[in-house]
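Report on the following structure.
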Amino acid sequence: MRIVSVTLRPHDDSRAHDDDSSRPMGIGPLLHDLLWAHAVPAAGLEHVRVRPVRAGLEAVFFVRAASDAEAVTGVRHLLARVREPVAAHGYTVLLPRPAHLRADFGA
């Protein structure tokens, strides 16, 4: 099981708060459902959690994959499919960097 974390930044920066607990979670379940609705079996998605963070929202993907690089690639493909529906709800998906460019892989 691999974990890939992605930030969803609001188009309107006034939606981002310094205090994570002050933001209503209303859009989180909707974005969670959007992610599942666009997931395909090849992505290996086992679980996803959407939660508020200072920058907007964080989606944490639990992915069945042979490597970190394969997990990131699968999540990037899923995010490419949900980019427009997520944008329609006021958020921009910040794609995870490929595993070979990330300092936290292999550490």
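The values are calculated or read from the model by the stated rules, or taken from the named source; none is laboratory data. Everything numeric in this text was worked out from a predicted model, so none of it was measured. So basically every Cβ, Gly included, is an ideal-geometry build from the backbone, and we count neighbours across all protein chains shown. Heavy atoms of the whole protein, side chains included, go into the accessibility calculation; ligands, DNA and RNA do not. Shrake-Rupley method; radii C 1.70, N 1.55, O 1.52, S 1.80 Å.
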Quiz item: Before we move on, is Ala37 open to solvent by 70 Å² or more (accessible area, probe 1.4 Å), farther than 16 Å from Arg2 by Cβ, outside any loop (DSSP other than H, G, I, E, B) and modelled with pLDDT of 90 or more?
Solution: yes
Quiz item: Yes or no: Ala69 over 12 Å from Val4 (Cα atoms) and either at pLDDT 90 or above or open to solvent by 30 Å² or more (accessible area, probe 1.4 Å) (or both)?
Solution: no
Exercise. For Val82, indicate whether it is closer than 19 Å to Gly26 by Cβ, modelled with pLDDT of 90 or more and not in a strand (DSSP E or B).
Key: yes
Quiz item: Restricting segment 13-34 to residues that are at pLDDT below 85 and among the charged types (D, E, K, R), which is surrounded by the most Cβ atoms within 10 Å (Cβ to Cβ)?
Solution: Arg23
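Please work out which residue is most open to solvent (accessible area, probe 1.4 Å), limiting yourself to segment 40-63 and to residues that are of a type in the set (A, V, I, L, M, F, W, C), part of a strand (DSSP E or B) and without any contact (Cβ under 8 Å) to a residue 40 or more places away in the chain. Spell out the reasoning first.
Quick first cut of segment 40-63, residues of a type in the set (A, V, I, L, M, F, W, C) only: 40, 42-43, 45, 48, 50, 53, 55, 57, 59-63.
Within this subset, residues satisfying the condition of being part of a strand (DSSP E or B) are 45, 48, 50, 53, 57, 59-63.
Those still in the list that are without any contact (Cβ under 8 Å) to a residue 40 or more places away in the chain too: 45, 48.
On the way: Leu45: 26, Val48: 3 Å².
Checked segment 40-63; the qualifying residue most open to solvent (accessible area, probe 1.4 Å) is Leu45.
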